1. So what's the convex hull volume per residue for the Cα atoms of region 1-92, in Å³?
2. Please report the projected area of region 230-335's Cα convex hull averaged over all directions, in nm².
3. Could you compute how much accessible surface Cys203 exposes when probed at 1.4 Å, giving the result in Å² to the nearest 10?
4. Sorted by accessible area (1.4 Å probe), largest first, how do Thr358, Thr336, Thr178 line up?
5. Suppose accessible area is computed on protein heavy atoms with a 1.4 Å probe; arrange Tyr133, Tyr250 from highest to lowest.
6. So what does log10 I(q)/I(0) come out to for region 7-54 at q = 0.14, 0.22, 0.23, 0.27 Å⁻¹, using the Debye formula with one equal point on every Cα and no solvent?
7. What accessible area, in Å² to the nearest ten, does a 1.4 Å probe give for His211?
8. At a Cα cut-off below 23 Å, give the lysines reachable from Lys124, other chains included and same-chain residues fewer than 8 away excluded.
Amino acid sequence: MNHNPYAWIEESLATIHQANWYRSVQTIHGLSGATVLLSGQEVINFASNDYLGLAADERLQAAAIAAIQEFGTGSTGSRLLSGHRELHRDLEQGIASTKQTEEAVVFSSGYLANIGTITALVGKRDLILSDQYNHSSLKSGAILSGATIVEYPHNSTAVLLEKLQQQRHNYRRCLLITDSVFSMDGDLCPLPELLDLAEEFNCMLLLDEAHATGVMGKTGAGCVEHFGCTGRELIQIGTLSKALGSLGGYVAASNALIDFLRNRAPSWIYTTALSPADTAAALAAIKIVQQEPQRRQQLWQNVDYLKQLIKEYLPNLQLLPTESAILCFQLSDAATALKAGKQLREAGIFAPAIRPPTVPTSRIRISVMTTHEKEHIEKLVEVLKSMQL
C-alpha cells in the first residue's frame, strides 16, 4: 500500500504532459499593450483581452492612484460587514446606466459573479439549460447550485426548444445560461431567440457579457444592445477585467433581483469588496467607453482588416465563424496547436495554442485590439503564410 496520500499528483501531472494538456505561465514585463516584452522577447500581442487598450491607459492609472491615496489599498472586508466606499456605488450606477437596467452590483471577479448569482437563483428543485460551450464559471455555478443541468448543443435553439417542451414542467424554476460572445470561438449566442424561449416557457435568462462589455453594441453596452434587446427582462453578468482594463465582475438587472443577490449570493456576501484602485479604474474606463466611440470604431476596422487579409492570402485557413474581436482557427490536435504556437512565438507573435479540456478541438486564438497597427496585423498574416497551415 502506498502511504503517501499525495503520490497521485505526480502521476496526474505525467498524464497531463502525455496528452499535451500541460500549461505554464509566461512572464510579461512592463505595461500591457499591442506589443509586450514576453520573457525577454518583444512580441506582437494577440493573446490579450484588453480589446480597447485601456489596461495601460494613463487615465485609469491616475484614477487608481488617486483612489489609493484617498481610500488606501484594500477594502478591508465584505461590504455588508465593513461598509463600502462611495466609489463602489458610483461604479454600480455607471454600469446600470450603461446597460440601461434599474440596478447593478459589483463582485470581486466575473467568476464570483457567475457562481454567486447562479447558486442564489436556483437549487435542487430547479432546472438549468446551459450551452455546451459556456465558460467554466457558468458551468461551475450550475454544478454548485445543485439544480438539474441539461446541456444543449452549441447555439442550437431547436434542441433547446425540445428540452424545454420535455422537461420544463417538471421543475419549480428554470434558468437558461449562456455566454453572449463565446471566448474561445468568437461567435455570438442567438439572444433574441433565447429571450423568446425564456418568455414562452417562463424561464430566467442569464447572459454572460464578459467579452461583449465595452465592445459590442452602438455604445459598447454589449450584445443586449447589439441585438436590439435592451429593456427585455434578463440578467446580465460581465467582467471589468477585459475591455474595461481593470478587475472585478458585475450583475445588472432589476432592483428586486439585485437586492435579492445582496442578501443571498454567498460570493458577494462573504468576499472582501473590490479594492478602491480597481473600482476607480473601472469607473474611469466606463466613462472613456462612453466618451470615445472611436476606440470601438478602430477595433472593428482592425478586425475587418485582418479578416480581409486572411481571405486574400490564407483562403485555406480553417477560421471559425466569428462576429467578435476573437478569431480562431482549428488544428488537428493538441501537438499541432502547440507547434503552431511555438512557431508564432519564435517569429515574434504571441498567440498561444488553446487545447482540451478548455475547448473540444485544438486551435490558435487571435484576439484583436484597438491599439494594433496595420503593420502588426500584416506581420501576423505574413507569419501565418510562412507556416503553411
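The values are calculated or read from the model by the stated rules, or taken from the named source; none is laboratory data. The shown structure was predicted, so the numbers you read here are calculated from the model rather than taken from an experiment. Just so you know, the surface numbers come from the protein's heavy atoms only, side chains and all, with ligands and any DNA or RNA stripped out. Shrake-Rupley method; radii C 1.70, N 1.55, O 1.52, S 1.80 Å.
1. Working: hull volume 22.1 nm³, N = 92.
It comes to 240 Å³ per residue, whole-number rounded.
2. Working: hull surface 43.8 nm².
Average projection, Cα convex hull of region 230-335: 11.0 nm².
3. Using a 1.4 Å probe on the heavy atoms, I get roughly 20 Å².
4. Thr358, Thr336, Thr178
5. Listed by decreasing accessible area, they come as Tyr133, Tyr250.
6. Values, matching the q order: -0.54, -0.76, -0.79, -0.94.
7. 20 Å²
8. Lys139, Lys163
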